[in-house]
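What follows is calculated from the coordinates using simple rules that are stated; it is not laboratory data. Only a predicted model underlies this, so the values are computations on that prediction, with no experimental measurement involved. Glycine gets a Cβ as well: all are built from the backbone with ideal geometry, and neighbour counts include every protein chain shown.
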Amino acid sequence: MLKRLLAQGAVVGVGALALMGLGTVSSILSGPTPTSTEISIDADAPADSTTMAGQLVTTRAELERAHRILEFSGRYRIPADLTARIYDTALAEGIPPALGFQLVKIESEFKNTAQSHMAAIGLTQLRILTARAYDPTIDESDLMNPDVNLRIGFRYLKDLLKRFDNDLALALEAYNKGPTLITTQMAAGEEVRGRYSRKVLSGI
């Protein structure tokens, strides 16, 4: 068992070194990255297979995160730091990263300063009244902060998913048109799943 863990650790370590050789990874990994001391084994200490297994799991998770961020950065042709922000915030708010990226693409084309004629602001195109439902102290300038904008926008979408029984198409239409209008249209027997939700879902 110990030999197998050591062999796996060597493979993961080689993969980490290869990945870190790419120029963009240093900017991608915005969170703390395991150092050699964190995954090294003290030759004088008794081998602890449980600890080693935990270290391997952590290292694999970091490598998977780096791989996914590189993938999304290349797919959408956006900077690695923005990619990492979207990826990490989507996971933290409980929505699939692929959905988060598509939402931001459709809403703002990844432009943090985007503003619409409906007074929607930032990456996820939030209106100030919607944002203040989550933070009453927020102002329009705060919505230009990508971390704030992504956090509230993704949380709002997550809440809409709960409200509409995890029907993603309905939640997306509500995100675009407002939940009150969608509920009214549904009550009138209208078909509310339309172009907006299809546009977002087509890229997932």
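Listed values, structure above:
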| item | result |
| --- | --- |
| Surrounding net charge for Asp135, when Lys and Arg each add one and Asp and Glu each subtract one, Cβ distance under 15 Å | -2 |
| Spacing of the two label points (7 Å from each Cα toward its C-beta) at Ser141 and Ala169, in nm | 4.4 nm |
| Taking Thr51, Thr113 and counting other C-beta atoms within 10 Å, the order from fewest to most | Thr113, Thr51 |
| Cβ-based exposure ranking for Thr184, Thr137, in which fewest neighbours within 10 Å come first | Thr137, Thr184 |
| Cβ-based net charge around Arg75, under 13 Å, with every Lys or Arg adding one and every Asp or Glu removing one | +2 |
